[in-house]
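Have a look at the structure below, then the notes.
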């Protein structure tokens, strides 16, 4: 499982990585722009993330804006519903 952790607080990033690493490979980002870039890079490489944990209040782009961008990219690329990142 590929996991992306988007969190600007270093302590929270480390804690989440420690907690989630037993479930799969974790990549870390510290702001919204990095998160969108990581999502795009993973998708272009053919290895999209299975789980994206988004902090709501991040620098540059907040988690809600990042989620909207991801959803818009998924619609644009006409991704199958099953391959979309799930929303809670």
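Any read-out appearing in this document is the output of simple, stated calculations on the displayed coordinates, not a laboratory observation. Since the model is a prediction, treat every value here as computed from it, not as a measurement. When we count neighbours, we look across all protein chains shown, and the Cβ atoms used for this are built from the backbone with ideal geometry, even at glycine.
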For the chain, the longest principal axis of the Cα atoms and the Cα long axis of helix 63-76 enclose an angle in degrees, to the nearest 10, of 20
So what is the calculated 222 nm ellipticity per residue for the chain, using -39500 (n - 2.57) for each DSSP H run with n of 4 or more, over all residues, to the nearest 500 deg cm²/dmol?
-> -13500 deg cm²/dmol
Using alpha carbons only, how many degrees (0 to 90, rounded to 10) separate the axis of helix 10-20 from the longest principal axis of the chain?
-> 70
Would you order 74, 44, 25 from fewest to most other beta-carbon atoms within 10 Å of each residue's own beta-carbon?
-> 44, 25, 74
Evaluate E = 1/(1 + (r/R0)^6) for residue 72 and residue 10, where r is the Cβ-Cβ distance and R0 equals 41 Å; express this FRET efficiency to the nearest 0.05.
-> 0.90
Longest principal axis of the chain (C-alpha) makes with the long axis of helix 32-44 (C-alpha) an angle, in degrees to the nearest 10, of 50
Name the shape class, rounded, prolate or oblate, that the alpha-carbon gyration tensor gives for the chain, where a ≥ b ≥ c are the square roots of its eigenvalues, rounded holds for a/c under 1.5, and otherwise prolate holds if a/b is larger than b/c and oblate otherwise.
-> oblate
